[in-house]
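Readers should treat all values here as calculations from the given coordinates under stated rules, not as data from a laboratory. Since this is a predicted model, take the numbers as computed values, not measurements. Note that each Cβ is placed from the backbone with ideal geometry, even for glycine, and that neighbours are counted across all protein chains shown.
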Amino acid sequence: MIHAARLASILVLGLVCSWVGARTVASGRSRSGGVLPFQARTTPDQIVPAQAQDTSGKKQELALPTKHSAWATVGESEGDPTETPQEHQHRQDRERHLGIMNPFKSEPYTDPGGEGESMGALIIDTVDIQKPGTEDVIPELPGVPVRGADAVLIGTILSGKSHMNSAHNNVYTDYQIRVDQILKPDKTANLTVGQQLVASRTGGKIHFPSGHITDFFILGRGLPKIGSQYILFLKKAATDLPEYRIGYPSSYELKDGKVYPLDDANQQYEGFSASAFLGLVRDAIAKPKGGK
């Protein structure tokens, strides 16, 4: 495989406030004159319409993160009040391994204030570069990252909840997942069919003390649908913790005998036969890691 290092450059972190409009190029102020926390830039080809309402009840268009993404389930900016002290401590331990949402912005996200809902869209441009000395390594099939995954499985998304870390510079969603079939077992865990596990993805919907709600997401990186079944490529955030992260770009919804990519980078597999795609995944898992 060509071992690739993924370099990310942040183009813009946008917050479209109070339904200014997903297709708007913001100059730093809303139409009412209020200052925007970040500049926003979106273009029509990045927009997948979704319906929502502003405070007047008027429906507006919003943008889902990807073509086959869902909206996240709302969580509180000040933490989950239902968690026990032990659960809260465990979450803080996890969050130390999850990083921050914007690698070049460590400042905390603040309450925009006022009622209504807004979007914080992060656009990340990436390029793959070949690691020196790996020129003769067998490349991995694009969109099927089995080598970097600690576990590959078919699972059903049972529930989800968004979280903002204690430093207020990262937003992620935890998903409760039922294991339906194991394609690549995790060597560090004894996964079994029927078991439930937790896997996270960057992005989520956060409710602030003012009542304002912001949807944080990375354009092109989807959030799974509650109740749907997926082929999931999972990575451990830390080997000593049981929770996983849903890898990028990877994971596919299974529906009506076909697969639908969670991430827009894998659109070449949209509508692909589920049985044929699973054959590709199993073949990739069975292959050695490379060689000349």
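Miscellaneous remarks
- For Lys236, the amide hydrogen comes within under 5 Å of the amide hydrogens of Asp150, Arg245, counting only partners 5 or more places away or on other chains and with H modelled in the peptide plane.
- Lys pairs under 13 Å by Cα in the stretch 173-292, provided they are eight or more residues apart or on distinct chains: 5
- Karplus-based coupling profile of the stretch 78-95, in residue order and whole Hz: 9, x, 8, x, 8, 6, 6, x, 5, 5, 5, 5, 5, 5, 5, 4, 5, 5, with θ = phi - 60° in 6.51 cos²θ - 1.76 cosθ + 1.60 and x standing for Gly or Pro.
- Volume of the Cα convex hull of the stretch 167-276, divided per residue and given in Å³: 133 Å³
- Database remark: amide H of Ser250 closer than 5 angstrom to the amide H of Asp263 (H placed geometrically; neighbours at sequence offset of 5 or more, or on other chains; Pro and chain starts carry no H).
- Take each peptide in 191-197, 116-122, count the other Cβ atoms within 10 Å of every residue, and average; sorted highest first, the result is 116-122, 191-197.
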